Protein chains: 2
Amino acid sequence: MVKDGKMSLALLALVNGHHSAGWRNTASDTDTATDIDYFTYLAQRAERAKFDLFFIADTPGARIDHLDAYSRGPNYMNCLEPTTLLSALARGTERIGLGGTASTSFYEPFNLARLFASLDHISHGRAAWNVVTSSNDHAARAFGHAKLPPHAERYARAKEFVEIVRALWDTYEDDAIRFDKATGEYFDPAKFHPIDHEGAFFKVRGALNIARPPQGQPVIIQAGASNAGRELAAETADLVFNSDDTFEEAKAYYDDVRARVARFGRDPSTLKVLAGFAPVWGESKWEAEDKHRTLQELVTPMVGKQRVGQDLEADLSGLDPDQPVPLDIIPASANQHTRYFEQLVHMIKHERLTLRQLWQRYERGNKRVLGTAKDIADVMEEWFAGKACDGFMVICPQLPVGIEEFADHVVPELQRRGLYREDYSGTTLRDHLGLARPQSRYARTAEPAMG
Amino acid sequence: MVKDGKMSLALLALVNGHHSAGWRNTASDTDTATDIDYFTYLAQRAERAKFDLFFIADTPGARIDHLDAYSRGPNYMNCLEPTTLLSALARGTERIGLGGTASTSFYEPFNLARLFASLDHISHGRAAWNVVTSSNDHAARAFGHAKLPPHAERYARAKEFVEIVRALWDTYEDDAIRFDKATGEYFDPAKFHPIDHEGAFFKVRGALNIARPPQGQPVIIQAGASNAGRELAAETADLVFNSDDTFEEAKAYYDDVRARVARFGRDPSTLKVLAGFAPVWGESKWEAEDKHRTLQELVTPMVGKQRVGQDLEADLSGLDPDQPVPLDIIPASANQHTRYFEQLVHMIKHERLTLRQLWQRYERGNKRVLGTAKDIADVMEEWFAGKACDGFMVICPQLPVGIEEFADHVVPELQRRGLYREDYSGTTLRDHLGLARPQSRYARTAEPAMG
C-alpha cells in the first residue's frame, strides 16, 4: 500500500504510436488497429517492463471533415472501444493497470459506473477511468448536439458526473455480500446504499447492480490543463497527466496542482502526476535522430498541412510544401492555442522554414528526448528527482518498436539507478501507484471515509 | 454459411442459474457473481458442447425496493456488465457466440454501436446484441426519469435506435481500410460513410470510429412477445427468443413471427427462433424430480411470497406459508400478466394449495422438462422437428451443474439422433446460426444490400 519511492510509468497505447506516420514505418504488412492479439502483445510487453498502467486514449466519434488528412492514419479513426478492449486485455495480463478514456459529455453516469466497476472486477483491481469532457464538436454531433457546451458547463457537468459515479461505486459496502447459503441471505440490505441524486445536470435515483470494485474505487485520471481542469483533478483525481515541454513548466504545474489538492483538504501525495514524455531510443544519439527523421519524412503532406494549419489557424491546403508559408495568410493572433500558434509564427518569421520543414520540425506538447538509454534516463531522473512529476506517460512516436526499445534499454537503466521498481510489489493499480484503497463512504469505523 | 439443418443451442448464463435458490445449492462456498474465471469456465463448457451462443441477460439497475426478497440472491442485483464480461470471455473461448442485453431506453446509439462493434472485432465475429426496451421503472429512475415511457414509445425509440446502430456499423465498407504504407493512404474516404440522421428520438450526425465488424453486422437478438415486440423482431432481428410453455403456443408463435418476417420482405429463414427451455437432467426421472424438489425447498419464504405476490397482485408478506392463501385478498382480475394471475388463482381455488406449496409449484413461462437425456431430447426433437422453433435457449435452473449435465448427457443424445452438430463448421456466430453475412448498404455490387 505504501509507495516505494520509485517513479511510475504508463504507456500511451495508440495503435502504431503517437506519430502520424508511425503506421507507415511499421514492420507489419497488415493493419493492427482492431487486432486484439496485437494490443495484448503491447500490454504484455509493458507488463514485463513492470509498467504501472497501460492507457487507451479515445474520442467518441470519427472526424467527418478534412478526410484528405484524417484518412491518412488510424489514430482515433479506427479503434477498439476502451472498456471492451481493456476487459479483453485483463485476460492476457496479470498485474499492469488498465486505463481508458470516456467522456462525461456523452455518457450516462450509471452506464459508465458499471463499465468501469465491471472492468475492475474482471481485472482484479486494475481499472482506471480517464475523465474527459471532450473538446471536439464532431463528437457532439454524433450525440444530437450542434456543438459542445461551453468549457465551464462541460466541467461543471464532469464534476457532478464523477460524484455520481463514485457514489454508485459505493452502492455495496465491502462486506455487504454475505453469500450465506444456510440462511438464504445473499447480501445484507443494511450495507446496500441506493443514491438519490438531483443536481444541475443529472437526476439519478438507484443503485449499482455490482459489488464494490476490488479497488474500492477504480483509479480516476484527469488530464485537464485549464484552471477548471486542474480544479477538477485536484478535487477528484488520483492521477493526472500533464503535457508540459520544459522542466520549469512541469515543475510549476506539479507545485500548482499539489497546492490545489491541499486546498481541497486532501494529502497532496494522493494525487500522482505523470508527465507526458516521448522518448526515441538509439544505440547512439545519431541513430535516435535518424529514426526520428525517417518518421518525419513519412508525414503525408495533407497531414502535415492539416496539423500545422490547425494551430496556425490558416488554410494551408493549396500551398507548395517546399516554399515558405506566406506571411499574409497568418492571422494577427490566435483564437485557440496561443502557445502553439506563437511557436509556429516564430519558426516562419525568424527561421524562414518551408512548409515541409515546418511540419517536420513542429510538434505540439509532450517533451521529446532523442538519444541513448543514458540520455533518456538522465532527463527522466532530472524531472523525477527534481519533483516535476511522480512518473511519466511514455508516448512512443512509434509502436510496437517504441515500447520494445524502451523496455529493453531504458527500463534497465532506470532500475540500475534505483529510480524504478524491479518488480511489482502489489496486485492492484492502486498498489502500483502507492494510493490507498478508499474506504466506503458508509463504512462504520473510527477512520474517516476517503471516498 | 449455409445452415446444416441442425438445431441451435444457446445458454442463458445467469450466475448460479435461473432458479432463485440456485446459489444456495451450489458446491461453491464463495460467491461467483463477479468471478471472471467462473464465467470463463461456463463459456468453455458450453463451447465444448458446441453451443451457438453464450448469453448474458441484464437489466440496467439494481432493485431498491422489496430488498427483503431481492437481497436473497445475486440475479440482476450483483452482476458484471455484459459487454465488458463478453469481451473478457472472447479471450478464453474461440468459437462460441457471445451475446448480451443492452437497453435502447438508457443508452446512446453511438456508444452502443461502438461497444458491440468492438466486441465483434475482439471476438473475431462472435458478438450479438439483445435489444430490449427495459420494463422496470427502477431502471428509469437511475437515468433521471420518474418512470419508463409507455410501451409504444419505447418500441418506437428502439426501432429508430436499431436503425442508427446498424447504419453506424456500416460506416466503413469492408474494403475501406487500405493500409497502403507506400502512398500513406490508410483508408479510402470514398468508402467511409458518415450518417446524418434526424428522427423522432435521435439526431446523429457522424461516423463510427471503428472498421466494419467481422460479421458485417453483429447479430441482433429480440425477445419481445407483444405485438410491437414481434414487429420489431420481424423487421430487424436475426434471432428471437420466445418463452411459451406448450408446443402449440410455440408453434403458433413460430408461424406468426415468420409470417411477419415475410411481410417485411425478408426470407423467413433469416430470423431464427429459439424457445426457452429449462431442462433438469437425472439418471432417472425420479432423480431429476428430486433435484428439482431440493431447489424448490430452498426458496426463501420472502422470495416465494414476493414472486407469487407479484403475479397475484397481492401483498402476501404477512401470511403464514403453511396455510392456504385467503381468497379475500385476491383482486377480481389481473392488471399485469393475466395468464400468470389465472394460473395462480386456479391453484388456490381448486387445489387449495398452501402458500409454500404454491411458490414451490408455480413457475412463470419457459417450458421445464425433468427427466433423463432421452426424456429431454424427446421434447426437444418434438419441438424442433415439428417446427415450433429453430433451437433452444437452455435455461438451467442451476449452474454450473446444469450445463455440465446437459453437455455430458443431453448433447450426445441429440448428436446421436442427428439433431445437433458434432462440431462447429464456421468461425462466426452468423456461421453457427446459418445466417449470411450482411453486405454493406454501400457495397457497389449487383446483389441487393441485406444490411
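The residues listed here are A:Ala49, A:Ala21, A:Ala69; of these, the one that is in contact (Cβ under 8 Å) with a residue 12 or more places away in the chain and under 30 Å from A:Ser269 (Cα atoms) is A:Ala49. Does B:Leu85 qualify as being crowded, with 20+ Cβ neighbours inside 10 Å, closer than 23 Å to B:Phe392 by Cα and out of contact with any Leu (no Cβ under 8 Å at 6 or more places or on another chain)? Here the answer is yes, as B:Leu85 does meet what is asked. Checking each residue in segment A:210-229 for being over 26 Å from A:Ala443 (Cβ atoms) and under 15 Å from the mean Cα position of the chain (by Cα) picks out A:Ala223, A:Gly224, A:Ala225, A:Gly229. Residues being modelled with pLDDT under 90, within 28 Å of B:Cys396 (Cβ to Cβ) and outside the structural domain of B:Arg416 (by TED's automatic domain parsing) are represented in segment B:321-336 by at least one member.
Quick grid of which residues meet (1) under 24 Å from B:Asp196 (Cβ atoms); (2) of a type in the set (Ser, Thr, Tyr); (3) buried (at least 24 other Cβ atoms within 10 Å of the Cβ):
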residue	(1), (2), (3)
B:Arg72	no, no, yes
B:Tyr76	no, yes, no
B:Arg91	no, no, no
B:Arg114	yes, no, yes
B:His145	no, no, no
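Go through segment A:232-281 and give me each residue that's small (Gly, Ala, Ser) and either under 16 Å from the mean Cα position of the chain (by Cα) or surrounded by 20 or more Cβ atoms within 10 Å (Cβ to Cβ) (or both). Scanning segment A:232-281 gives A:Ala233, A:Ala234, A:Ala237, A:Ser243, A:Ala250, A:Ala275, A:Gly276, A:Ala278.
Going residue by residue through segment A:288-301, is there one that turns out to be at pLDDT 95 or above and either assigned to a strand (DSSP E or B) or under 30 Å from A:Gln215 (Cα atoms) (or both)? So far as segment A:288-301 goes, no, none of its residues is at pLDDT 95 or above and either assigned to a strand (DSSP E or B) or under 30 Å from A:Gln215 (Cα atoms) (or both).
The residue of segment B:161-183 that is nearest to the chain's Cα centre (by Cα), among those that are crowded, with 19+ Cβ neighbours inside 10 Å and either assigned to a loop (DSSP other than H, G, I, E, B) or within 7 Å of chain A (Cβ to nearest Cβ) (or both), is B:Asp170. Checked against (1) more than 16 Å from B:Ala62 (Cα to Cα); (2) within 10 Å of chain B (Cβ to nearest Cβ), A:Tyr186 meets all criteria but (1).
Let's see how each residue does on (1) touching a residue at least 12 places away in the same chain (Cβ under 8 Å); (2) under 22 Å from the mean Cα position of the chain (by Cα); (3) buried (at least 19 other Cβ atoms within 10 Å of the Cβ):
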{"site": "A:Arg307", "(1), (2), (3)": "yes, yes, yes"}
{"site": "A:Glu313", "(1), (2), (3)": "yes, no, no"}
{"site": "A:Pro324", "(1), (2), (3)": "yes, no, no"}
{"site": "A:His337", "(1), (2), (3)": "yes, yes, no"}
{"site": "A:Leu358", "(1), (2), (3)": "yes, no, yes"}
{"site": "A:Cys389", "(1), (2), (3)": "yes, yes, yes"}
{"site": "A:Val394", "(1), (2), (3)": "yes, yes, yes"}
{"site": "A:Pro400", "(1), (2), (3)": "yes, yes, yes"}
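Of the numbered criteria (1) closer than 30 Å to B:Leu370 by Cβ; (2) in contact (Cβ under 8 Å) with a residue 24 or more places away in the chain, the one B:Ala234 fails is (1). Entry remark, segment B:109-140: residues being of a type in the set (D, E, K, R) and at pLDDT below 95 number 1 in total.
You will find that of A:Thr40, A:Thr59, the residue that is surrounded by fewer than 24 Cβ atoms within 10 Å (Cβ to Cβ), touching a Phe, Trp or Tyr at 6+ places or on another chain (Cβ under 6 Å) and among the hydroxyl-bearing types (Ser, Thr, Tyr) is A:Thr59 and no other. Residue-level check: of (1) touching a residue at least 60 places away in the same chain (Cβ under 8 Å); (2) assigned to a helix (DSSP H, G or I); (3) crowded, with 24+ Cβ neighbours inside 10 Å, B:Ala128 misses just (2). Are any of the residues in segment B:420-433 aromatic (Phe, Trp, Tyr), under 29 Å from B:Phe116 (Cβ atoms) and touching a helix residue (DSSP H, G or I) at 6+ places or on another chain (Cβ under 6 Å)? Yes, segment B:420-433 has at least one match. Please specify each residue of segment B:252-287 satisfying the condition of being in a loop (DSSP other than H, G, I, E, B), of a type outside the set (D, E, K, R) and in contact (Cβ under 8 Å) with a residue 60 or more places away in the chain. Passing the criteria: B:Gly282, B:Ser284. Note on segment A:122-160: residues that are among the hydrophobic types (A, V, I, L, M, F, W, C), within 14 Å of another protein chain (Cβ to nearest Cβ), in contact with a helix residue (DSSP H, G or I) (Cβ under 8 Å, 6 or more places away or on another chain) and over 30 Å from A:Gly426 (Cα atoms) total 4.
When you look at A:Ser28, is it crowded, with 24+ Cβ neighbours inside 10 Å and hydroxyl-bearing (Ser, Thr, Tyr), yes or no? So A:Ser28 fails the test.
Can you confirm whether segment B:194-206 contains a residue that is among the charged types (D, E, K, R) and either more than 7 Å from chain A (Cβ to nearest Cβ) or touching a residue at least 24 places away in the same chain (Cβ under 8 Å) (or both)? Yes; the residues of segment B:194-206 include at least one that is among the charged types (D, E, K, R) and either more than 7 Å from chain A (Cβ to nearest Cβ) or touching a residue at least 24 places away in the same chain (Cβ under 8 Å) (or both). Quick check on A:Arg368: is it under 20 Å from A:Ala46 (Cα atoms), among the charged types (D, E, K, R) and modelled with pLDDT under 95? Yes.
Listed here are the helices (runs of 4 or more DSSP H) enclosed by segment A:1-118 that have at least 3 residues being at the interface with chain B (Cβ under 7 Å from one of its Cβ atoms): A:82-90.
The values are calculated or read from the model by the stated rules, or taken from the named source; none is laboratory data. What you are looking at is a predicted structure, and each value in this text was computed from that prediction instead of being measured. Here the Cβ is made from the backbone with ideal geometry for all residues, glycine too, and neighbour counts use every protein chain on show.
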